[in-house]
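Here the structure is laid out as structure tokens; the discussion comes afterwards.
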Amino acid sequence: MKRVIVGTAGHIDHGKTSLVKALTGVDADRLKEEKERGITIDIGFADLTVGDTHFGFVDVPGHERFVKNMLAGAHGIDLVMLVVAADESVMPQTREHFDICRLLEVKSGLVVITKADLVDEEFLQLVESEVAEFVAGSFLEGAPVLRVSSRSGAGVDELKKTLAMLASKVQERDDAAVARLPIDRVFTIKGFGTVVTGTLIAGRIRAGDELEVLPSAGRRSRARGLQVHGKSTTEAFAGERTAVNLQGIDLDEVERGQTLAPAGRLRASSMLDVRLQLLKSAPRSLRTRSRVRLHIGTAEVLARVVLLGQSELAAGAECFAQLRLESQTLALPGDHFIIRSYSPAVTIGGGTVVDALPQKHRLREAAQAASQLEKLAAAHLAANDAERIALLVEMAGEHGMSHAEIAARSGSPDEAIKRAADAMTRTRRAIAASSNPLLLVERSAFEELAKRVRALLKEFHQKSPLESGMGREEIREKIFAHLPPEIFRAVVTQLVERNEVAAEKDLLRLASHRIALSAEEQAAKDHMAALFATAGLQPMSLEEAIAKAGPQFGIDAARAQRFAQMLINSGELVRVAELIFHRSALDGLRQTLQKFKAEHGAKLDVGAFKDLTGISRKYAIPLLEYLDRQRVTRRAGDAREIL
Ligand SMILES: Nc1nc2c(ncn2[C@@H]2O[C@H](COP(=O)(O)OP(=O)(O)OP(=O)(O)O)[C@@H](O)[C@H]2O)c(=O)[nH]1
Ligand SMILES: [Mg+2]
């Protein structure tokens, strides 16, 4: 079954609601006030099945004061029935509604000349030629123009056939996309609680799904029940008029303008980067920072238009702009919107969202921002998800982009994100700093970080030629403090893999770095190593060794300290608590212990260890603990077991 949403459009009293009733038998005017006054105030709904097409009708008010309501219905339509009364022809809201359909890029539709029973043939032909002229050059040029009388029913069957024909060419909506339902009505049903309705513009919703109302302070809920066109169902698909019974949400927590979406996936925003078009019929050009009414989905939000790269937009022209909203709304790239002047409220333009979660653009960066948006918009037009995601990752620079951020900003489903990430890492356009959860960093930004690490190390080695390396933590703080820790780890890993940097314990150094010692320094260092080698297991503190080794070779304590550190870093000396032993002494100890085990068995108490090594109890304990850590011995009660 194909699902198609048909919207009416046209001037007040031109017979839109009567036409929907003639087609479906349903009076879409549901409010008491509407029935009393004989006009439509808010959007109304009806449905009809023709062949294998299920039509959902959204009937809109024609009154100029209710264009705001009309917009809440017009955002989700596939097909428009532009209604023109035969006795009045094209009128102001015919024009305004039609402008709106064009700005929203409604793809298809037809013109219905209603009240055909009220005029003669000659007049009808006149109206038809006016209509043809009116739609010339638009998406309705050459579209069917039908004469109908809702009163007599003449032409209604023909209209149904034409709708079915047009519906067969409507592009199906994407069921695999992330679900979004812009809310247009909210009410309660006794015993069930809060129900929201809207046109499901993308994806699908199943009963039991965890959903979120956006914008709101993270209010989550479950779809307790679902109805499509008034019938209960377990699943609703894109293109269906859908009612969702929300568990645990009060009536006053939701309103028209919010959107229902899967919990935790999308984010509301207070800025939108857009491609903006000003209508030719706009009364004046649009100055940057003008305050406008933004209509997007079912929402109306006040906003300032910051034009990028120009101070004024002429009627009929277009440019990129940043909309700064006075309250948040949910939007995604590709969404269409309408702007109306603040006062009087008149439709002046519209366009498409290019980036729904942008940075604030400063004046001097406007040109650069516009060129980025140009690329994003092109990728969007080409329906190239991978390119779109790659551009977003590029824009994120050294900060990289996590899966959650990509999901919220692109609106793409997981599949598409995965495909894009695979392509980017395969072609080395981006580096996955982490793969689960995904964190992508664009390559040149990543390389720039690597370059900074190399430069920092180079500077460090120049300043401190005797140090074997710079502390990891210090490097992280100097370059990566504002970035996710995964990025630091990934940059270091890359540098090590490429043999550009060597990592030793907590130190990093350029792989090419060699400590250049003078002959005296080398002699002092060797002497110090020899002192510890001679001392064997007799404890000697670093201070003692420095005192002995340094003066003899005319080397001060600070340098001697560094030699000791170098010896420790290279593993020639080993630090055990506050003691230092030469590696040969510890190797000898291992052998002694193995010999002891062969002769006396594996059990060893502290007393025996003291006898064996000649070490005092004070030092025996830390040494034994060291051996435990080295898996040479294992603690067994008060004693040790030699492994
Ligand atoms: N003679 C005749 N009258 C019609 C026809 N269609 C509608 N009308 C009358 O025109 C008036 C307005 O019709 P509606 O269907 O309410 O017009 P509408 O376009 O929905 O008006 P709004 O929603 O307020 O913009 C009503 O009195 C209808 O009975 C028609 O085909 N022939
Ligand atoms: Mg009406």
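The values are calculated or read from the model by the stated rules, or taken from the named source; none is laboratory data. Just so we're clear, the structure is a prediction, and the values are computed from it rather than from any experiment. Cβ: placed from backbone, ideal geometry, glycine included. Neighbour counts: every protein chain shown. Calculation scope for accessible area: heavy atoms of the full protein, side chains included, ligands and nucleic acids excluded. Shrake-Rupley method; radii C 1.70, N 1.55, O 1.52, S 1.80 Å.
For R388, are the conditions met, namely being assigned to a helix (DSSP H, G or I) and in contact with a helix residue (DSSP H, G or I) (Cβ under 6 Å, 6 or more places away or on another chain)?
So R388 passes the test.
Among the residues of region 54-70, which ones are open to solvent by 10 Å² or more (accessible area, probe 1.4 Å) and touching a residue at least 24 places away in the same chain (Cβ under 8 Å)?
H54, H63, E64, F66, K68, N69
Which of the residues that make up region 262-290 are in contact (Cβ under 8 Å) with a residue 40 or more places away in the chain and not in a strand (DSSP E or B)?
Of everything in region 262-290, those that are in contact (Cβ under 8 Å) with a residue 40 or more places away in the chain and not in a strand (DSSP E or B) turn out to be A263, G264, R265, L266, R267, A268, L279, S281, A282, P283.
Of all residues in region 387-410, count the ones that are open to solvent by less than 10 Å² (accessible area, probe 1.4 Å) and at positive phi.
Total satisfying the criteria: 1.
Specify the residue that is farthest from ligand 2 (Cβ to nearest atom); the eligible residues are those in region 17-28 that are in contact (Cβ under 8 Å) with a residue 24 or more places away in the chain and of a type outside the set (A, V, I, L, M, F, W, C).
Top of the filtered list is T24.
With the condition kept exactly as written, say whether any residue in region 542-552 is in contact with a Ser or Thr (Cβ under 9 Å, 6 or more places away or on another chain), open to solvent by 70 Å² or more (accessible area, probe 1.4 Å), in a helix (DSSP H, G or I) and closer than 27 Å to H461 by Cα.
No, every residue in region 542-552 fails to be in contact with a Ser or Thr (Cβ under 9 Å, 6 or more places away or on another chain), open to solvent by 70 Å² or more (accessible area, probe 1.4 Å), in a helix (DSSP H, G or I) and closer than 27 Å to H461 by Cα.
Against the condition surrounded by fewer than 18 Cβ atoms within 10 Å (Cβ to Cβ) and assigned to a helix (DSSP H, G or I), how does K375 come out, does it pass?
So K375 passes the test.
Among the residues in region 117-124, are any within 20 Å of S150 (Cα to Cα), of a type in the set (A, V, I, L, M) and buried (at least 17 other Cβ atoms within 10 Å of the Cβ)?
yes
Just for region 72-82: of the residues that are open to solvent by 10 Å² or more (accessible area, probe 1.4 Å) and not β-branched (V, I, T), which one is modelled with the highest pLDDT?
Here the residue is D78.
Residues of region 302-327 being open to solvent by 10 Å² or more (accessible area, probe 1.4 Å) and under 22 Å from G257 (Cβ atoms), which ones?
L302, R304, R324, L325, E326, S327
Among the numbered criteria (1) modelled with pLDDT of 95 or more; (2) touching a Pro at 6+ places or on another chain (Cβ under 9 Å), which one does L163 miss?
(2)
Pull out all pairs, ordered by first then second residue, where Cβ-Cβ is under 7 Å, the residues are six or more apart or on different chains, the first lies in region 383-397 and is under 15 Å from L357 (Cβ atoms), and the second is open to solvent by less than 10 Å² (accessible area, probe 1.4 Å) and of a type in the set (S, T, N, Q).
R388/S410; I389/S410; I389/S412; L392/S410
Kindly evaluate D42 against the criterion of being at pLDDT 95 or above, among the charged types (D, E, K, R), over 18 Å from T162 (Cβ atoms) and more than 15 Å from ligand 2 (Cβ to nearest atom).
No, not satisfied.
Here's a check for you: in region 557-577, which residue that is in contact with a strand residue (DSSP E or B) (Cβ under 7 Å, 6 or more places away or on another chain) and assigned to a strand (DSSP E or B) is surrounded by the most Cβ atoms within 10 Å (Cβ to Cβ)?
L573
When the residues of region 1-16 are narrowed to those that are within 9 Å of ligand 2 (Cβ to nearest atom) and touching a Pro at 6+ places or on another chain (Cβ under 9 Å), which ends up least open to solvent (accessible area, probe 1.4 Å)?
Among those that are within 9 Å of ligand 2 (Cβ to nearest atom) and touching a Pro at 6+ places or on another chain (Cβ under 9 Å), it is K16.
Name the single residue, out of those in region 140-181 being touching a strand residue (DSSP E or B) at 6+ places or on another chain (Cβ under 9 Å), away from ligand 1 (no atom under 16 Å from the Cβ) and charged (D, E, K, R), that is nearest to T17 (Cα to Cα).
Among residues in region 140-181 that are touching a strand residue (DSSP E or B) at 6+ places or on another chain (Cβ under 9 Å), away from ligand 1 (no atom under 16 Å from the Cβ) and charged (D, E, K, R), the one nearest to T17 (Cα to Cα) is K161.
Determine which single condition A303 fails, assuming it passes every other condition in (1) under 16 Å from P182 (Cβ atoms); (2) part of a strand (DSSP E or B); (3) not basic (K, R).
All conditions pass for A303, except number (1).
Quick check on this structure: which one of E477, E467, E448, E486 is without any contact (Cβ under 8 Å) to a residue 40 or more places away in the chain and either open to solvent by 40 Å² or more (accessible area, probe 1.4 Å) or assigned to a strand (DSSP E or B) (or both)?
None of the other options fit; the residue is E477.
Kindly check whether there is at least one residue in region 338-345 that is open to solvent by 50 Å² or more (accessible area, probe 1.4 Å), among the small types (G, A, S) and assigned to a strand (DSSP E or B).
No, every residue in region 338-345 fails to be open to solvent by 50 Å² or more (accessible area, probe 1.4 Å), among the small types (G, A, S) and assigned to a strand (DSSP E or B).
Which of the residues that make up region 24-41 are within 12 Å of ligand 1 (Cβ to nearest atom) and either open to solvent by 30 Å² or more (accessible area, probe 1.4 Å) or closer than 28 Å to E235 by Cα (or both)?
D27, A28, D29, L31, E33, K35, R37, G38, listed by residue number.
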